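One structure below.
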């Protein structure tokens with residue numbers, strides 16, 4: 001079992017305790033998925049991403065994409081068609097159900113998802129709210145509000161003498 005010790009982090013930071021939970025969840029998720037289905041994560045621009053998953057054999061109605069509390073979940077549930085029994089000499093195309101989870105950062109939203117040639121593309125973008133973007137603070141130059149440091153410290157200097 002792999003565990004990470006975050007106690008040094010807690011000694012010098014405030015409000016980052018969720019990082020420990022996030023890393024533990026990612027570790028558990030990756031160990032349970034066995035790498036199926038295969039996927040890519042691409043960065044197109046500073047805040048634009050695409051997840052591409054190989055879902056050969058699945059149709060749109062068998063795929064489900066949901067987000068909840070910054071967790072993107074993609075599920076594939078194959079409908080079992082009543083087929084005749086097949087005698088495979090080699091079966092390399094996985095036809096099993098899956099569930100793949102991705103932890104999303106703050107303010108990452110799903111823009112669209114589309115299925116093309118056996119690949120599921122999920123486009124995402126980080127949309128930072130105006131209130132959280134950097135802003136300039138104007139500096140006032142009104143002379144009446146300027147405090148003379150020499151007059152503020154003068155009484156202290158007299159008491160010391």
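Each reported figure results from applying straightforward, stated rules to the coordinates on display, with no laboratory input. Everything quoted here is computed from the prediction, not taken from an experiment. Every residue, glycine as well, gets a Cβ built from its backbone with ideal geometry; the counts of neighbours run over all protein chains shown.
Worth pointing out:
- The order of the peptides 43-53, 60-70 by mean Cβ neighbours within 10 Å, most packed first, is 43-53, 60-70.
- Computed label-point distance, nm, for sites residue 94 and residue 119 using a 7 Å Cα→Cβ extension: 1.8 nm
- At full extension, residue 46 and residue 139 could sit 30.4 nm farther apart than now, given 0.36 nm per residue minus the alpha carbon distance.
- Ranked list, fewest to most other Cβ atoms within 10 Å of each Cβ, for 90, 114: 90, 114
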